[in-house]
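Computed from the coordinates by the stated procedures, all read-outs in this text should not be read as laboratory data. What you see is a predicted model; the values in this text were computed from it and never measured. Reconstructed Cβ throughout: ideal geometry from the backbone, glycine too, with neighbour counts over all protein chains shown.
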Amino acid sequence: MSVMQRYQHRDLVGLRVGRVNLGINTSFIVYRLGDTIIDSGPSNQWKYVKPFIESRPLEQLLLTHHHEDHSGNAGAIHQLTGIQPNAPALTIDILKRGFKIPPMQRFIWGRCGLADAQPLSDDIRIGTEKTKALFTPGHAKDMTCYLMEDRGWLFSADLYIANYLKLLRSDESIPLLLDSIRFTLSHDFDTILCPHRGIVENGQQKLGEKYDYLTNLAEQAQTLNAQGLGLKEMTTRLLGKEGAMGVLSRYNFSKRNLVASCLDVDLKQHQV
């Protein structure tokens, strides 16, 4: 499918790439702001990402987490430009040793690319602008968003993606994700720069809507669970029958994972 779309938002540019076009979860936007790239894109799209990297001088590559769509080209960019990626501490270790990718994800994104990353600076800047790293696990144990407070911009990794989740990976945690969303909402920002959804205005409101949706879903799931319903029946009532993605991924990415994780939410910690 190759290049799907190019973005221009003020001085930010973006390139959406993807092997297939089966919704926003199957394509990826590599963002560039000045001389900084935020996330490297998937390895199977390198031939399209490479000219984007080469189009302007590069001084910094920031990674949000280790997942193959975000880090797949980090090693190739380092080899091409000499710019060593900067990443959260947990990400550095994962990218050194590599990680397993389920078949469906490998088909969509390609293989993980090993990379030698270095720790994030205590004084992160994009250009001359101060940038804050926000540790936001839940989707991934190492996920980190980047907040440019003066602009009100949040490079959101996979914290947002959509207001209403319907599927969840088996290694994701809704309790942790809710904590991370609440933490992020305690900061000031207006624009979300999502590598899947794109540029999202009214970002505080949109992320808050996702938080409300997940806490409400958790309450409903726990109510049905207390009534003695099994996971399959709860899932069908709340989200409908499993679709093709759930079946093809062998339920690694499925509706039932989302409902099961909602059962672990401590509702006392969240206002519903």
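Observations on the model:
- Shape of the stretch 36-188 from the C-alpha gyration tensor: oblate (a/c of 1.5 or more and a/b not above b/c, with a ≥ b ≥ c the square roots of its eigenvalues).
- From most to least packed by mean Cβ count within 10 Å, the peptides 77-84, 93-100 give 77-84, 93-100.
- Rounded if a/c under 1.5, otherwise prolate or oblate - the stretch 180-258, Cα gyration tensor axes: oblate
- Taking other Cβ atoms within 10 Å as a rough exposure proxy, VAL49, VAL20 sort from fewest to most as VAL20, VAL49.
- Cα gyration tensor shape for the stretch 34-76, rounded if a/c is under 1.5, else prolate or oblate: oblate
- Separation of alpha-carbon centers, the stretch 31-109 and the stretch 196-250, rounded to whole Å: 30 Å
- Computed over the stretch 1-126, Cα set: Rg, Dmax in Å: 13.6, 39
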